[in-house]
Every structure is written in structure tokens, then in C-alpha cells.
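Written out below as C-alpha cells is the structure these notes cover.
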Amino acid sequence: MRKMYSVMDIGGTFVKAAIMNDEGEILVEEKVPTPPSGNGEIFTTIRNIVQKQKEQYPEVDGLALSVPGAVNVKDGYVSYAGSVLDIIDVKIKEELADLRMPIEVENDANCAALAEKWKGNAQEAETFLCVTIGTGIGGAIYMNDGIVHGMEGMAGEFGLMMLDTNVEIPELLENRNFSRYASTWNMVYRLNQHFGEEKTGEEWFELYDKGNEEVASIVHNFYDRLAIGIINLMHIFAPEKIVVGGGISSRPELIPYVRKRVDEVPTAVARKVVIEDCLQKNKAGLIGALYHFRKMQGEA
């Protein structure tokens, strides 16, 4: 008989929730707004979702969470987080102990990497990096048959890598890091500033696809910065593969463009590292959270 799990991917805007079986198949899925921080409402939201799920699937026995923060996977303690502030300085497993089921918690970028290891483009890789691109840049390191967590789960903060030297370090860290230079948010911001308009990324890419040379120049500058960050990472970690996630990874020209820039680098590492997009896309948080749960529980 298949086991059933409650799985949630908690983001700054939405909580994705699903009932999944032990093969990673999604049986039921929903999305609810992430509540504002300040009163611990996120935990009420999680409890309400689990209660509703168990009414439909009483056999659910386990909660797997993907969260945007630095996680100690042993006790679920979150030392810092992004926009979901109520999970900071909380041992999530203890906070939700009243649910009376096994609970496992992992960082969202790490979950994206685990999804690629279990069901994606990194299944055969023993060492790989996952670079996630969105409002900022996140990352995960997979080596020695598991995620490298570092102190308090803080490893993989690729977005804080500094890519400039011309100002003081606080300014570099705040405004001239990898996230600021190569995130999708930064690209859209630059386009809006340059043209004096307010468009979405999708709208700018419509112009890109129509051959607008000014738009293409700014987009390619963004791709160049992304490639430089990836080149730095590949020489630090020497992974077999780097998988790139986030909505922009679906752009057909992105990975070939980055590969072309990497091909210009005359090192042994650059010649050998494989660069691909992530296969699991917007399901990665759910799939990776479940895989983490099963590994922690000795089921995988």
C-alpha cells in the first residue's frame, strides 16, 4: 500500500500544498496566499491545510515542508529567512508537534536540488550545484550523497557572492552581489529604468523575441553576468553538473548562451562541467521536500 504525505512549499506569496504518495506523484494540489508575518499565522495556515487534507485522506502520516530560510534539518530550527519572517528563530518541528505526525523541514533551494536528484536532470550526478534565479539567486550544493548544509544550514547562498571591487564591502554585499547583478528582478528593473516604462518580464521578452536590439542588449548583459557567476561557482566546487532553475530557465536561449560563454574559458573544469536547466520547474519544492522527508525518515 502506498504511503501518503502532506507536502508544502512555503513561499513569500503563496503556499503550495499537496497530497503526494511515496513515488512523488501529486494526488491533490492547491495554492493559498501566504499570510502576512507578525502573528505566527503561517503555522495556523499549515495546521488548517493538514486538517483539511486528513479529512480527505485520513491515512496521511507525515508532513514535508520546503521553506525560504536557513534550516537546521535535525530540529527544523530556522536561523534566518526571507519574506516569511514568522519562521525565524523557530524550531518548526516543535512548533507543529501538536499535529502528531513526523515532520521534516528543508530549505527551498535545497529542495529544488533534491527534486533534480530524485526525479530530474541530476539523477546520475554524484556532485552538482543547483542555481535558482528569481527575485534573487539561491543555490544548493549536492556532494557525498547529500546536500551540503554548512553552519546552521547556511551553505549555498550563491546570491551573496560579490562580483565587483570598486566600493566598500557593505555596499558590494548589498547592491553589487550576484543576486543584484544577475537575478530576473534586476534584469526587469534595468529594462524598466532604461526605457522609462513599467513592464513585466514576460512583456520584455515578447519584445526580445520580436528582435528588439536594445532589449536584447540588456538581456544579454544579464546573461553575461549570470554566466560569470556560474563560472566562478564551477571553479570553486568542480561539480559534474550545474542545473539552473527559476522561471527564466525555461527561456530557450538562456542555457545555450551560458554554455557559449563557459566555452570561452580555457580551463579543464570549464571543459567538463555540464550545464542544464532544471526539469521539475514549479513542482521542485514539493518533490524535493518529499524526497528530503523520505531520506530523513530512512525511507529512501
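Every number here is computed from the coordinates shown, using simple stated rules; none is lab data. Because the structure is a prediction, the values reported are computed rather than measured. Methodologically, a virtual Cβ is constructed for each residue, glycine included, from the backbone with ideal geometry; neighbour enumeration extends over all protein chains shown.
Observations
- For region 140-233, the spread of Cα positions along each principal axis, largest first, Å: 45, 35, 22
- Across region 233-300, the volume of the C-alpha convex hull divided among the residues equals 100 Å³ per residue.
- Using 0.36 nm per residue and subtracting the Cα-Cα separation, the extra length available between GLU25 and ASP61 on full extension is 11.4 nm.
- Quotient of C-alpha Rg and 2.2 N^0.38 Å, computed over region 148-300: 1.17
- Extending 7 Å from the Cα toward the beta-carbon at both GLU197 and MET162 defines two label points whose distance is 3.7 nm.
- Diffusion coefficient, µm² s⁻¹, Stokes-Einstein with Kirkwood Rh over alpha-carbon pairs of region 86-196 at 37 °C and 0.692 mPa s: 201 µm²/s
- Between helix 184-195 and the chain: long-axis angle, C-alpha atoms, 0 to 90°, nearest 10: 40 degrees
- Helix 284-296 axis, angle to the chain major axis (alpha carbon atoms, nearest 10°): 50 degrees
- Between region 278-300 and region 89-106, the Cα center-to-center distance that results, in Å: 17 Å
- Subset of LYS241/LYS281; LYS16/LYS74; LYS52/LYS295; LYS93/LYS241 violating a 21 Å alpha-carbon distance limit: LYS16/LYS74; LYS52/LYS295; LYS93/LYS241
- With the largest listed first and rounded to whole Å, the semi-axes of the equivalent ellipsoid of the chain from the Cα gyration tensor are 34, 21, 19.
- Inverse of mean 1/r across different Cα pairs in region 202-275, Kirkwood, Å: 13.2 Å
- Cβ-Cβ FRET estimate between ALA216 and GLN123, R0 fixed at 25 Å, reported to 0.05: 0.15
- Using the alpha-carbon positions of region 73-144, Rg (one decimal) and Dmax (whole number) come out as 14.2, 39 Å.
- Where labels lie 7 Å past Cα in the beta-carbon direction, separation of GLU152 and LYS281 in nm: 3.7 nm
- Region 1-110 - Rg over Rh from alpha carbon coordinates, Kirkwood radius: 0.94
- Our note on the geometry: Cα centres of region 1-78 and region 185-217, 36 Å apart.
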